[in-house]
1. Antiparallel as a % of all DSSP beta bridges within the chain, to the nearest 5?
2. Return one number: the angle in degrees, 0 to 90 and rounded to the nearest 10, between the long axis of the Cα atoms of helix 120-133 and the longest principal axis of the Cα atoms of the chain.
3. Between the DSSP loop rule and a limit of at most 12 other Cβ atoms within 10 Å, which trypsin sites (Lys or Arg not before Pro) in region 1-101 are left?
4. Using θ = phi - 60° and the Karplus curve 6.51 cos²θ - 1.76 cosθ + 1.60, what whole-Hz ³J(HN,Hα) does each residue of region 39-44 get, with Gly and Pro shown as x?
5. Provide, for q = 0.08, 0.10 Å⁻¹, the log10 of I(q)/I(0) from a solvent-free Debye sum over equal Cα point scatterers in the chain.
6. Separation of region 105-132 and region 10-64 by C-alpha centroid, Å?
7. Express the relative contact order of region 115-234 as a whole percentage, based on alpha carbon pairs under 8 Å and six or more residues apart in sequence.
8. In region 77-181, which GluC sites (Glu not before Pro) are in a loop and have at most 15 other Cβ atoms within 10 Å, using DSSP for the loop call?
Amino acid sequence: MQLFYNKDITETTQEFQFSREESKHITKVLRKKEGDLVQITNGLGLLCKGIITFSSPNKCIIQLEERHHQPSKDYRLHLAVAPTKMNDRYEWFLEKATEIGIDEITPIICDHSERKIIKPERFERILQSAMKQSLQSYLPILNKAISFTEFLKKDTSDQLLIAHCEETKKQSLKDIIKPQSATTLVIGPEGDFSTKEIENALKTGFIPVTLGKTRLRTETAAIVATHSIAFLNS
């Protein structure tokens with residue numbers, strides 16, 4: 001069954017009308033008709049089931065009949081990842097991390113960043129599509145791009161980790177992760193964090209970690225971290 005998304009759905013919504021674009025997709029591509037069942041989420045854990053009461057390429061209306069709130073994961077993961085030089089690699093990370101399970105994403109602009117401008121609207125669509133494809137009811141939070149310096153100033157009670165490539169003492173991710181807790185992990189650009197950035201992160205309370213024995217691309221490191229933390233909490 002396909003899952004649809006609309007942020008305006010609430011516990012009290014009785015009837016919902018899809019946009020013209022979605023209505024066309026439902027009727028022309030999915031070939032849904034009146035009387036068919038559909039599922040819709042607001043991306044905040046609310047999952048609704050409803051019956052199509054009116055179906056046309058321009059307007060599709062459903063009557064909501066079931067509502068329940070999906071429980072959230074018992075851990076929280078926030079990845080702050082520098083945009084990659086090739087935009088499609090970052091988009092791949094967004095898609096796969098959403099499928100695996102991530103709660104919050106912050107693009108960070110670092111000293112060695114080659115890409116400093118992102119397209120948040122496109123990123124948001126990728127997150128929504130991945131959430132629907134994987135039949136989840138929680139949409140990851142996508143924050144605005146921010147400099148790494150400013151990111152370090154944010155207050156948080158999360159476990160703070162930094163994955164970098166310098167040859168210094170690091171702990172294995174699997175040995176330091178606290179199950180059923182909140183974790184913030186930062187991953188730098190292709191040129192890695194600068195030495196000054198690493199020093200500032202350590203002063204802020206970040207713990208250096210290794211994600212394995214091989215040198216990973218930015219987007220690969222982000223996926224390895226996402227899966228590893230999900231596995232350690234399974």
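1. 40
2. Tilt relative to the chain: about 60 degrees.
3. For trypsin sites (Lys or Arg not before Pro) across region 1-101 that sit outside H, G, I, E and B with at most 12 neighbouring Cβ atoms in 10 Å, the list reads K7, R31, K33.
4. 10, 9, 10, 9, x, 10
5. With one equal scatterer per Cα and no solvent, log10 I(q)/I(0) is -0.36, -0.53.
6. 28
7. For region 115-234, the relative contact order is 28 percent.
8. Within region 77-181, the qualifying GluC sites (Glu not before Pro) (loop, at most 15 other Cβ atoms within 10 Å) are E114, E166, E167.
Every read-out reported here was derived from the displayed coordinates using simple, explicitly stated rules and does not represent laboratory data. If you're wondering where the values come from, they're calculated on a predicted model, not measured in any experiment. Every residue, glycine among them, receives a Cβ derived from its backbone with ideal geometry; neighbour counts consider all protein chains shown.
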